[in-house]
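Every number here is computed from the coordinates shown, using simple stated rules; none is lab data. Here the structure is a predicted model, which is why all the values come from computation and not from measurement. So basically every Cβ, Gly included, is an ideal-geometry build from the backbone, and we count neighbours across all protein chains shown.
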Amino acid sequence: MLFELPVSQVTGLSEVYQNIGSMRNRGVEIGLNGTILQTKGWTWTAYANVTLNQNRITELSGGKPIEDTYTIKQEGYPLRQFYMVEYAGVDPDTGAPLWYKNATGDETTTNWNECAKRYLGSADPKAYGGFGTRVQWKNFDFSADFNYRLGGKVYAASNRSYLSAGSKGNITPTTYLYENAWTENNRYTDVPKYIYGNTSGENNHSSRFLYSGNFLRVKNLQLGYTLPKGLLKKALIDNMRIYVSVDNIYTFKAKDFVGYDPETYTSGLIAYQYPSTRTFLAGITLGF
């Protein structure tokens, strides 16, 4: 297990990679593909794959947990374990943010500094993979590809700015904030009351910005046409295919997710990354 450990800055460095312990990985990958239908004019194929993986830290140097702002590395826990104050919603009478005060139990407080951290899930998905299909009818072909993730959490640290209820005075409030923030007519919400210069700590690191990482993405759709070979003989072309394609068409996200794109780096952190862009392509492939 390589990890960045802080060192004295007189060395000219702030951190160095060191082997801090051991971990166990267990997983399986399964892939299937086959022909569903094949007739004189039609061919229909499909594929699917899934990866299942689980990891646990089995040993740390010194046996002591390594804790940072919102994660912890601890023996017996996953490598990417989230560890932070748990958000308890909004006081419906005042619009003030609430957090759970203790490591267990239901007691809440409006003072973030009084709160103990909790173990709040891992960034690692339980399963991820893709599936797709391809249909060919005479000279036309159509394909669709999807990818997905099931389980695991993502922490949208950038939402501490985007969803700030006034703590970040230089940030223009988002539409989501306007529509969901606490008001006297919207008392039962999980977004605190907007106050310019808010000092309640509403955007402090907590599970307010921790979401389900589940998603299903329509990754690619493509439609093509292969010209009959009889039309290509005089041009000395063996085959010619014209196609149009669209990437990253739509992503179905978990109901609690607030943001653009739940697909993150393996760390499970969303921090101002650009979302996957929708791309339109048209092209011709030639064979000689």
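Please compute the length gained on full extension between A282 and N180, using 0.36 nm multiplied by the number of residues separating them and subtracting their Cα-Cα distance. Numbers along the way, then the final one.
Numbers: separation 102, 0.36 × 102 = 36.72 nm, distance 4.08 nm.
Working it through step by step, the gained length comes to 32.6 nm.
For segment 239-283, list residues with backbone N below 19 Å from a point placed 7 Å from the Cα of T189 toward its Cβ?
255-260
Would you mind pulling out the separation of the Cα centroids of segment 1-47 and segment 84-149, in Å?
Rounded to whole Å, the Cα centres lie 21 Å apart.
Among V16, V246, rank each residue by its count of other Cβ atoms within 10 Å, from fewest to most, as a rough exposure measure.
Working: V16 11, V246 16.
In order of increasing Cβ crowding within 10 Å: V16, V246.
Evaluate the charge dipole of the chain about its Cα centre and quote only its size in Debye, nearest 20, assuming +1 on the Cβ of each Lys and Arg and -1 on the Cβ of each Asp and Glu.
With Lys and Arg at +1 and Asp and Glu at -1, about 1440 debye.
Which of the GluC sites (Glu not before Pro) found in segment 1-92 are loop residues per DSSP with 16 or fewer other Cβ atoms within 10 Å of their Cβ?
Taking segment 1-92 and a limit of 16 other Cβ atoms within 10 Å, the loop GluC sites (Glu not before Pro) found are E75.
Roughly how many nanometres apart are two label points built 7 Å out from the Cα toward the Cβ at M23 and L37?
4.6
Tell me what the chain gives for mean residue ellipticity at 222 nm when only DSSP H runs of n ≥ 4 count, each as -39,500 (n - 2.57), the sum divided by the residue total, rounded to 500 deg cm²/dmol.
-500 deg cm²/dmol
Express in nm, to one decimal, how much length is gained between T45 and K138 on full extension, taking 0.36 nm for each residue of separation and deducting their alpha carbon distance.
Working: separation 93, 0.36 × 93 = 33.48 nm, distance 1.46 nm.
Using 0.36 nm per residue and subtracting the Cα-Cα distance, I get 32.0 nm.
Listing F215, F280 from the residue with the fewest other Cβ atoms within 10 Å to the one with the most, what is the order?
F280, F215
Any idea how far the Cα center of segment 252-288 sits from the one of segment 150-199, in Å?
Cα centroid to Cα centroid, the span is 24 Å.
Could you rank the peptides 168-176, 155-163, 89-97 by their average count of other C-beta atoms within 10 Å per residue, with the highest value first?
155-163, 89-97, 168-176
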